[in-house]
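Only one structure is covered here, and it is reproduced in the block below.
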Amino acid sequence: MLPLPAFAFVDLETTGTSARDDRITEIGIVRVDDDGGPLRVSEWSSLVDPEVPIPPVIQALTGITDAMVASAPSFARIANDVRALLDGCIFVAHNARFDYGFLKQAFARLERAFSARVLCTVRLSRRLFPDADGHGLDALIARHAIPVSERHRALGDARAIWSFVEQLYRDETSERVDSAIRRILRVPSLPPQLPPDVIDGLPEAPGVYLFYGDNPLPLYVGKSINLRERVGAHFSQDWRSETDLRLSREIRRIEHERTAGELGALLREAVLVKSLLPAHNRALRRKEEAGIAYWRDAAPRFIPAIGVDRNELTGAYGPFASRASFRAALRALCAEQRLCARRLGLERGNTGPCFARQLKRCNGVCVGEESSQDHDARLAAALEPLAIPAWPVAGAACVREASDDGERIDVHVFRDWCWLGTARNDSELAELVECHPRPSFDLDVTRLLLRRYRAGALKLIPMAAIQEPACAAITSATQAVNRFA
Ligand SMILES: [Zn+2]
């Protein structure tokens, strides 16, 4: 019934509230192991000699007196037992930071490290019952009718928080309790219809993944430079999107394909999304939002990807992720270069000073203090870094992308910032060269290429330089490797 195999419900009594200055006087642990059969529950507790006097007010609260702990073992003597009991467990406590902090300190004083994944039952109660009055242990005991013996003694309180969790599983659906616990522990919670080891079976490497439901076509295609992490993130409930919720319900199996690197993953995703049209791919929308800008009349104008002719990339600016990011880029230029937002079409109206002019932050083309030629010359200079450069080689060129372990090599062929195809070996490459594929324009691909190119991290190998019988030169080690870290 528990979402993970071992939990230790822990409560400590102490001489005060400061983990640094105060000491432990009693430890109670209820360990619950779930190995598929009936739960195995074992209890352990011990008084602890704090080696300092217990303040009278604490003695009155817990009933643990100096006399009681005088003959108890010090923490040093029971540290090994405590550690063995907590080994491999989720550490569960009420106000867990308190108990966990004391225990960590106690181990630290022995120069031993202690760490565990922590589940706080205050947080659990808050998450499940956000409107309840109070989440203190007494409030929980009253609200959930939890039987208590020896309240304020370590084992009594540890039993109470275990009873609280048991009670939750009786009163609520186990799905709801599991999911609350997983959220607090940030455990990816896999849809039950998937094999439990499906995430572990994915490589921590770049590639594409496909989620399938009952139909032969995938529900969703995605890409990542770390497949295991990205697929797990779809099911980690802390930030589930609507799409992820629907995917969790419909998914039946996961397939993946490795690629050498990020560029290969992006290209493969683009192909799969275009050819398979997965029902839940929002990537399509993302692509529709992107675009480039032309400056042909008064001000640069944004053109969405769909209206872009791949033959007219040269002379354009961008690419931009969306119209909004294009406008943000222009606004930034205005501010940096004292350009006029009105002339750039970022402000309504055609006459009178622009807003920045009123703050003396525009050089004043809007009020005739700067000529439009001067303004536009400054604009041209400011836009220069955003200009899409001319394709730097004659004809097609290869980009060689190798995986981190060097075992996988993808050779991508491009022309005019557009993709022609990818080869994994010399014969595939020879085929690509022979069949003269049509360039496929995808603004995401162009964006990634340009980002690398502008950073000086794109090594293009001109196809013309490759003699046909010498295709092997590409995949052999003679060419520099492009690593897209
Ligand atoms: Zn102005």
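Whole number please: convex hull volume per residue, Cα atoms of the chain, in Å³.
Values: hull volume 115.2 nm³, N = 485.
Cα convex hull per residue, to the nearest whole number: 238 Å³.
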Task: Within the chain, helix-based [θ] at 222 nm, where runs of 4 or more DSSP H residues each add -39,500 (n - 2.57), nearest 500 - done: -11000 deg cm²/dmol
TODO: Could you tell me the distance between the Cα centroids of region 318-349 and region 50-73, to the nearest Å?
DONE: 70
Open item on the list: Using a 10 Å cut-off around each Cβ, can you sort 152, 234, 280 from fewest to most neighbouring Cβ atoms?
Closed with: 152, 280, 234
- [ ] Would you mind calculating the gained length between residue 60 and residue 151 on full extension (0.36 nm times residue separation, minus the Cα-Cα distance), in nm to one decimal?
- [x] 31.5 nm
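Kirkwood Rh, Cα Rg: Rg to Rh for region 22-161?
Numbers: Rg = 15.8 Å, Rh = 16.3 Å.
Computed over Cα atoms, the ratio is 0.97.
Which FRET efficiency, nearest 0.05, do residue 204 and residue 427 yield, Cβ-Cβ r, R0 22 Å?
Numbers: r = 30 Å, r/R0 = 1.36.
Computed FRET efficiency for residue 204 and residue 427 comes out at 0.15.
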Open item on the list: Residue by residue through region 421-438, what is 3J(HN,Hα) from phi via Karplus (6.51 cos²θ - 1.76 cosθ + 1.60, θ = phi - 60°)? Round to whole Hz and write x for glycine and proline.
Closed with: x, 10, 10, 9, 8, 5, 6, 4, 5, 4, 4, 4, 5, 6, 8, 6, x, 6
TODO: Take every DSSP beta bridge whose two residues both sit in the chain, then give the antiparallel share in percent to the nearest 5.
DONE: 85
Open item on the list: How long are the semi-axes of the equivalent ellipsoid of region 125-181, defined as square roots of 5 times the Cα gyration tensor eigenvalues? Whole Å, largest first.
Closed with: 20, 13, 9
Open item on the list: Test of understanding: ordering 274, 104, 223 by Cβ neighbours within 10 Å, fewest first, what list do you get?
Closed with: 274, 104, 223
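By count of other Cβ within 10 Å, fewest leading, how are 89, 362 ordered?
Working: 89 21, 362 26.
Least crowded to most crowded, the residues run 89, 362.
Please give the charge dipole size of the chain, origin at the Cα centre, charges +1 on K and R Cβ atoms and -1 on D and E Cβ atoms. Round to the nearest 20 debye. Mind dumping the intermediate values first?
Numbers: 63 positive and 64 negative charges, 366 e Å.
I would put it at about 1760 debye.
FYI, it's all coordinate maths here, none of it is from the lab. These numbers were taken from a predicted model, which means no experiment stands behind them. Every residue, glycine as well, gets a Cβ built from its backbone with ideal geometry; the counts of neighbours run over all protein chains shown.
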